[in-house]
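Each remark here refers to the structure printed beneath this line.
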Amino acid sequence: TMAKRGHDLILGDPLPGLVGEVEALGVDVLAMDGMADLADGTAIARLIDAGMERFGKLDAACIRTGEIIGGRFMDATLEQLQRLQAVNQEAVFHSLQALLKVMVPAGQGQIVIVTSATGRRPLGAALYASTRAGANMMVKAAALEVASKGVCVNAVGTAFLDYPGFINATGSEDPEVRKKVEAKVPMKRFGQPAEVAHFTASLLDGGNRFQTGQFFSLSGGWSD
């Protein structure tokens, strides 16, 4: 979506074929592998450094982090909590700090952190929802600090998306299970990744610089 709007891109761990697809749209693309675990604070720093060397500036960033561990709270382990804190909260911490160190001195920038709608309304995965809620609040707190510096920071929380992570976590590869899960959504269907991309792009393309410190739920009406 951003490439279609003429933006050059920095991609971490792009899917096969994606680089060629966006280059065909006439934009410059920098792709780096080894970015999967942003809980390692050096990963996002390497990506930003490479991008600055290539393009000389960073106008916007969309960071998607996270891992799902389901189950009941009473059955959870400390190890599970620590893992989710690392990938769902520490990764956001490292990403925001690294991005803001570049954008604040530049006096401009837009950041979207993709979290989860379960950070607003739990869906049964207690530890996952808790760590996502923490990430959402971290985004709001950071946004408040840099609001006067020309940098906008928002969170987009998804749920009920038709992509492998959610499908596998809910068992929705089974058509009967999928029907039951979709029934929980007011719109009675799963959302498409392209719908998330279009909404997120509106917070990143430079046209909306008066929206910051917000959490937006993209969940078909399931969560406010």
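The values are calculated or read from the model by the stated rules, or taken from the named source; none is laboratory data. From a predicted model like this one, the values you see are computed outputs, not experimental measurements. As a convention, Cβ positions derive from the backbone with ideal geometry for all residues, glycine included, and neighbour counts pool all protein chains shown.
General remarks:
- Counted residues, the stretch 194-224 - those being surrounded by fewer than 16 Cβ atoms within 10 Å (Cβ to Cβ) and hydroxyl-bearing (S, T, Y): 1
- Unique match (being touching a strand residue (DSSP E or B) at 6+ places or on another chain (Cβ under 9 Å), closer than 30 Å to E182 by Cβ and either free of Cβ contacts under 8 Å to residues at least 40 places away in the same chain or surrounded by 16 or more Cβ atoms within 10 Å (Cβ to Cβ) (or both)) among A91, A126: A91
- Of all the criteria given as (1) touching a residue at least 24 places away in the same chain (Cβ under 8 Å); (2) surrounded by fewer than 17 Cβ atoms within 10 Å (Cβ to Cβ); (3) out of contact with any strand residue (DSSP E or B) (no Cβ under 6 Å at 6 or more places or on another chain), the one not satisfied by L96 is (2).
- Residue ID - surrounded by the fewest Cβ atoms within 10 Å (Cβ to Cβ), chosen from residues in the stretch 138-193 that are part of a helix (DSSP H, G or I), small (G, A, S) and at pLDDT below 95: G165
- Subset tally (residues that are more than 21 Å from A197 (Cα to Cα), hydrophobic (A, V, I, L, M, F, W, C) and modelled with pLDDT of 95 or more) for the stretch 99-126: 5
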